[in-house]
Amino acid sequence: MEPAPDLDAYFARIGHRGERSATLATLQAIVLTHVQAIPFENLDVLLGRGIDLSPTAIERKLVQQRRGGYCFEQNALLLAVLQALGFDALPLSARVRIQRPRDFTPPRTHMFVMVTLAGERWLCDVGVGGLSPTAPLRLDVETPQATPHEPRRLIRHGAWTSGDRRSPDARIFHQVQIAGQWQDVCEFTLETMPPIDREVANWFTSAHPQSHFRNRLMTARATADGRITLLNRELTHRRGDGTGTTTIVRDERHLLAVLAQEFGLVFPEDTRFPCPWIDWSAPA
């Protein structure tokens, strides 16, 4: 039996003071506040600490230590919380497609949460970096859906029949609209992702030499009116209309200040993040 999450501590962490009933309004509030409060980040991977997916370790890191994490941590915590509240929630697997052409097949190394409410299914994903949707997305419609941030849509590809039976090439694409253009976020087939599959995918993302989590520094969170992302040395504040500003992190001391000020991630002043794709000798 997995331990139940400390709901009081979790809600204090994300700043949710509303209802805890298993309703759509509660789900919407939790997703929005989670993405704003708990940053997406891969810093432990760069520090060589490994990623422990046990429920106790995830809760200790993201809630008690006020850290962030990536999809297997973020969405596992969300899944545990929703199930503890009485939601019908399941983990689904996906392939991240951000800035990847359709003829490229990325690894199945992403997890999100599907919630069923009153016969309707909703996609919840608080762990896809700077593009984590800030609202649940209704799964069974293809029309654009508004969120507190960017418009989203879910497009079915290939042959789907009743009962979610599908042709071998059938997929669903989660897309986001930025600056008027639709871009792929991830693709999935409604296949569940049990703990053992998460462990295997987590090993790849955190340990394989070619994993981009081993080679890039990434942090992100949503704000009330936009998003803040840090990719290597580029700190971007993006507004809701898609416009934004980018500044360059000057040095490793400045990086620690940015992590603390923008993302609430506090590290000892002598912390250094080994990252092959950061060149600190280049001018800011």
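Spin-label pair Arg17-Gln261: with each label point 7 Å from Cα along the Cα-Cβ axis, the two points sit 2.8 nm from one another. When each of Thr161, Thr189 is scored by the number of other beta-carbon atoms lying within 10 Å, the sequence from fewest to most is Thr161, Thr189.
The Cβ shell under 11 Å around Asn202 holds other residues with a net charge of -3, Lys and Arg each +1, Asp and Glu each -1.
Taken one residue at a time, the phi angles of region 44-61 give Karplus couplings (6.51, -1.76, 1.60, θ = phi - 60°) of 5, 4, 5, 7, x, 8, x, 10, 8, 9, 5, x, 5, 5, 5, 5, 4, 6 Hz. Gly and Pro are set to x.
Summing charges over all other residues whose Cβ lies under 14 Å from the Cβ of Ile98, with Lys and Arg as +1 and Asp and Glu as -1, gives +3. Ordering Gly15, Val176, Gly69 by the projection of their Cα atoms onto the charge dipole of the chain, which places +1 on the Cβ of Lys and Arg and -1 on the Cβ of Asp and Glu, puts Val176 at the extreme positive end. Taking every C-alpha pair closer than 8 Å and separated by at least 6 residues, the mean separation divided by the residue count of region 7-198 gives a relative contact order of 18 percent. Helix 252-263 and the longest principal axis of the C-alpha atoms of the chain enclose an angle of approximately 40°.
Quick check: from the Cα gyration tensor, does region 7-198 come out rounded (a/c under 1.5), prolate or oblate? The shape class here is prolate. Full extension of the chain segment joining Glu234 with Ala282 gains 16.0 nm, where the gain is 0.36 nm per residue of separation less the Cα-Cα distance.
If you take all other residues with their beta carbon under 14 Å from the beta carbon of Ile172, and give Lys and Arg +1 and Asp and Glu -1, the sum is +4. Once the Cβ-Cβ distance of Arg272 and Phe104 is raised to the sixth power relative to R0 = 25 Å, the FRET efficiency obtained is 0.15. What whole number of Å gives the distance from the Cα centroid of region 175-254 to the Cα centroid of region 57-76? For region 57-76 versus region 175-254, the Cα centre distance is 16 Å.
Between Thr247 and His208, the contour length at 0.36 nm per residue exceeds the alpha carbon distance by 11.0 nm. Put a plus charge on the Cβ of each Lys and Arg, a minus charge on the Cβ of each Asp and Glu, and nothing anywhere else: the dipole of region 7-198 about its Cα centre is then about 200 debye.
Coordinate-derived values only; no laboratory data. None of the values given here were measured: they were computed from a predicted structure. As a convention, Cβ positions derive from the backbone with ideal geometry for all residues, glycine included, and neighbour counts pool all protein chains shown.
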